[in-house]
Amino acid sequence: MIDHLLKRGIPPRIMYLVLVSIVLLTGLASYLYLYKKPLAEYDRLKHNHILLQGKTGNKSQVQADLDRLTKEIQGIRQELQGDTPALSVNALVAYAIEKIDVISDRHQVQFVSVKPGTGNRVFQFEEIPFVVEVAGDYFSLYGWLYDLEKELGPMVVKEYELKPDNRTKKLTMKLEIASYRPVEMK
């Protein structure tokens with residue numbers, strides 16, 4: 001067939017150009033229709049594989065992040081629940097009185113009285129109120145109140161009254177505090 005075309009007067013240069021064009025167009029068509037999508041998918045998967053290796057290759061960093069987040073959760077739980085153990089209401093009253101006494105001794109504050117109030121339910125929490133009366137100088141009362149909130153938390157001062165006692169040169173503080181704990185969902 002090529003001989004037939006050459007005898008008709010088509011120059012060999014054009015014949016070779018047509019053959020090369022056919023080969024190139026066939027190669028281009030096969031690339032576009034057969035290889036382009038699979039090669040792009042291969043590149044995407046290779047890129048994802050490299051990213052995942054970078055994420056999992058640094059296991060010590062992942063473990064450090066997990067440890068940091070665990071400590072953060074424990075801190076938030078501690079802030080929410082405080083140091084107070086899960087006790088019944090009566091046991092909680094006794095525990096609170098004991099803690100108030102210890103904190104009062106630590107700050108040289110005179111522990112005058114404590115009266116448990118009637119518990120209420122506030123949203124999903126059980127409120128356990130106390131009316132506490134103490135006496136001492138201003139800075140001792142301040143330190144006492146700070147430690148009380150920290151050690152008996154979660155706790156809120158609902159009301160307070162601060163009066164000077166002219167006889168002893170001390171301040172008398174009467175405050176209503178409330179301890180909160182989550183109500184068990186049934």
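The values are calculated or read from the model by the stated rules, or taken from the named source; none is laboratory data. Being a predicted model, the structure only gives us computed values, none of them experimental. All Cβ positions, glycine included, derive from the backbone under ideal geometry; neighbour counts span all protein chains shown.
Here are the numbers for this structure:
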item: So Gly75, is it on the phi > 0 side of the Ramachandran plot and either of a type outside the set (D, E, K, R) or at pLDDT below 90 (or both); result: no
item: One residue from Tyr142, Tyr95 being within 24 Å of Thr168 (Cβ to Cβ) and either outside the structural domain of Met173 (by TED's automatic domain parsing) or within 34 Å of the chain's Cα centre (by Cα) (or both); result: Tyr142
item: Scan of segment 98-139 for residues that are out of contact with any strand residue (DSSP E or B) (no Cβ under 8 Å at 6 or more places or on another chain) and either modelled with pLDDT under 85 or not assigned by TED's automatic domain parsing to the domain that holds Val157 (or both), ordered by number; result: Phe123
item: Residue count for segment 97-111, restricted to those that are touching a residue at least 24 places away in the same chain (Cβ under 8 Å) and farther than 19 Å from Asp137 by Cβ; result: 1
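Here's the yes/no breakdown for (1) surrounded by 16 or more Cβ atoms within 10 Å (Cβ to Cβ); (2) in contact with a helix residue (DSSP H, G or I) (Cβ under 8 Å, 6 or more places away or on another chain); (3) under 16 Å from Gln110 (Cα atoms); (4) not aromatic (Phe, Trp, Tyr):
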residue: Leu152; (1), (2), (3), (4): yes, yes, no, yes
residue: Met155; (1), (2), (3), (4): yes, yes, no, yes
residue: Lys158; (1), (2), (3), (4): no, no, no, yes
residue: Asp165; (1), (2), (3), (4): no, no, yes, yes
residue: Lys169; (1), (2), (3), (4): no, no, yes, yes
residue: Thr172; (1), (2), (3), (4): yes, no, yes, yes
residue: Glu176; (1), (2), (3), (4): yes, no, no, yes
residue: Ser179; (1), (2), (3), (4): yes, yes, no, yes
residue: Val183; (1), (2), (3), (4): no, no, no, yes
